[in-house]
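Working notes, beginning with the structure itself.
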Amino acid sequence: MKYEICKDMFIDTAFGRLFRIKALVKIEGRCEIGDLGGYIAAEKNLAQDGDAWVSGNAQVSDDARVSDDAWVYGNAQVSDDARVYGNAWVYGDAWVYGDAWVYGDAWVYGNAQVSDDARVYGNALVYGNALVYGNALVYSNARILWVSQVGSANGTLTAFLDKNNKIIVTRDCFIGTLAEFSKAVKQTHKNNKIAREYALLIKFIKLRLTQPKVKP
């Protein structure tokens with residue numbers, strides 16, 4: 001065993017009671033023997049083998065599982081049936097939930113959220129205020145992008161490819177295809193400066209996320 005659950009050190013959360021863990025072994029760069037880690041609901045949440053670790057104020061709850069050499073730390077949360085494994089890192093204020101998987105060498109951090117049946121893997125980086133959900137597949141750095149300080153509220157726009165290679169855009173309360181987003185911009189902003197900025201951004205999104213056609 002590499003850790004024990006401290007039943008006398010707990011917090012009550014929206015996901016139920018979570019208990020602090022204590023390291024029984026040294027994990028290079030992550031913990032020393034006796035160090036207190038983050039919070040989990042039960043042993044099923046964190047594998048006893050490998051170098052997987054939960055530290056800081058991070059929380060792993062419900063049926064979520066962190067395994068292999070994955071690391072969840074900071075104020076990050078992993079809940080529901082989510083999986084974080086391989087060499088993946090989830091940290092900052094990031095939240096992985098639903099049936100989402102984060103694995104490989106992927107990093108999810110900042111205020112990013114990964115949910116539903118989304119898959120983030122390879123060397124992917126998901127950060128800032130990015131939202132990845134539905135059946136999205138995010139890998140390497142070619143299938144997702146986000147731009148901050150856009151629109152009338154200077155918010156963050158996230159665009160990614162879903163499992164059918166369709167470009168999906170999220171911006172504040174808007175969620176839809178790139179074509180639907182373009183239509184919404186025209187209806188809301190007509191031809192003002194914001195509309196013109198979005199038009200340039202839409203062209204960039206198409207250029208960046210459109211998959212090249214492969215000759216048969």
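For this structure, a couple of remarks:
- Taking the charge dipole of the stretch 60-216 about its Cα centre, with +1 at Lys and Arg Cβ atoms and -1 at Asp and Glu Cβ atoms, the residue from GLY74, ASN191, CYS173 reaching farthest to the positive side is ASN191.
- Between 0 and 90 degrees, the angle of helix 178-189 with respect to the longest Cα principal axis of the chain falls at about 70 degrees.
- Inter-label distance for ASN123 and ASN75, nm, one decimal - labels placed 7 Å from Cα along Cα-to-Cβ: 3.1
- The chymotrypsin sites (Phe, Trp or Tyr not before Pro) found in the stretch 99-163 that occupy coil by DSSP, while having at most 16 further C-beta atoms within 10 Å, are TYR127.
- Span from the the stretch 1-70 Cα centroid across to the the stretch 147-216 one, whole angstrom: 39
- Once the chain from GLU28 to CYS173 is taken as fully extended at 0.36 nm per residue, the excess over their C-alpha distance is 48.0 nm.
- Applying 1/(1 + (r/R0)^6) with r as the Cβ-Cβ distance of ASP35 and ALA153 and R0 = 41 angstrom yields a FRET efficiency of 0.45.
- Straight-distance candidates among the lysines for linking to LYS166, with alpha-carbon spacing under 30 Å and chain neighbours fewer than 8 residues away dropped: LYS183, LYS186, LYS190, LYS193, LYS203, LYS206, LYS213, LYS215.
- Residue-level accessible surface for GLU180, protein heavy atoms, 1.4 Å, Å²: 100
- Partners for LYS2 among aspartates and glutamates (Cα-Cα distance below 17 Å; same-chain residues under 8 apart left out): GLU28, GLU32, ASP35, GLU43, ASP49, ASP51, ASP68, ASP69
- Assuming charge only on the beta carbon of Lys and Arg (+1) and of Asp and Glu (-1), the dipole of the chain about its Cα centre is about 1500 debye to the nearest 20.
The values are calculated or read from the model by the stated rules, or taken from the named source; none is laboratory data. This one's a predicted model, so the numbers in the text were calculated from it and none came from an experiment. Neighbour counts run over all protein chains shown; Cβ positions are idealised from the backbone, glycine included. For accessibility, only protein heavy atoms count, side chains too; no ligands or nucleic acids. Shrake-Rupley method; radii C 1.70, N 1.55, O 1.52, S 1.80 Å.
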